[in-house]
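> I'd like to ask you about the structure that follows.
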Amino acid sequence: MTDPSISTSEPPHTAFDPANPGGPTQPGEHPSDPPAFDAVPDDAGAFAADGEHTGVSDLSAFDDEYEDAQVPSRDEVPDGKYQVRVHRVELSTSQAGDPMLKWDLVVISGQHAGRHIFKNAVITHKSLPFVKGDLHTLGVQLPRFSELPNHLDALLDQTLEVTKRTKGEYTNVYFNRRLEGLGAAGYDGLPSDEPAPF
């Protein structure tokens, strides 16, 4: 017995169109299909009936640079010590439902300048001393931990030295020390008691 909801007839053969690998369709065949091009007025800055976009700035000035532009690496920075700036920090929730501080740190010197290092600090009774240590390293001392959400802005744009270590599939980022006199361009040349990471 054949299920009547399954069609057994072959669709008519059409030449393969690389611009439309799924084959020819008519707009509106599926509820998620966009309307036909001519359904949007040309003066709205959308696609015209022939598929060309109207009202677009001239991008030809970027042609030469585009050819030579290097795609940024999505790989993580290697283990080591880095000078970073706190780009973003937010209070979130872990998959297990525990509170968590999510850190986005930007490397500000060396060959990895501009790359990001991420740290998720899950807050539990066992990890609280480490979270408190990170906050103290950045000069934030709270009379009560529940006041942390009111002090997150004080953590932004601070510069510090971190150590990134990977063991197996786990990565830890340790806040070593706060760096004074360090801007977005890197260390200001003051003597350091530790060698640079590069």
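> Can A61 be described as more than 30 Å from K164 (Cβ to Cβ), modelled with pLDDT under 80 and either assigned by TED's automatic domain parsing to the domain that holds H151 or of a type in the set (A, V, I, L, M, F, W, C) (or both)?
So A61 does not fit the description; no.
> Looking at region 119-137 only, could you name the residues that are in a helix (DSSP H, G or I) and either closer than 16 Å to Q95 by Cβ or not charged (D, E, K, R) (or both)?
Listed by number, the residues that qualify are L128, P129, F130, V131, G133, L135, H136, T137.
> From L128, L135, L148, grab the single residue that is farther than 23 Å from Q83 by Cβ and surrounded by 13 or more Cβ atoms within 10 Å (Cβ to Cβ).
Within the list L128, L135, L148, the selection yields L148.
The values are calculated or read from the model by the stated rules, or taken from the named source; none is laboratory data. Quick caveat: nothing in here was measured; it's all calculated off a predicted structure. We place every Cβ from the backbone using ideal geometry, glycine too, and count neighbours over all the protein chains shown.
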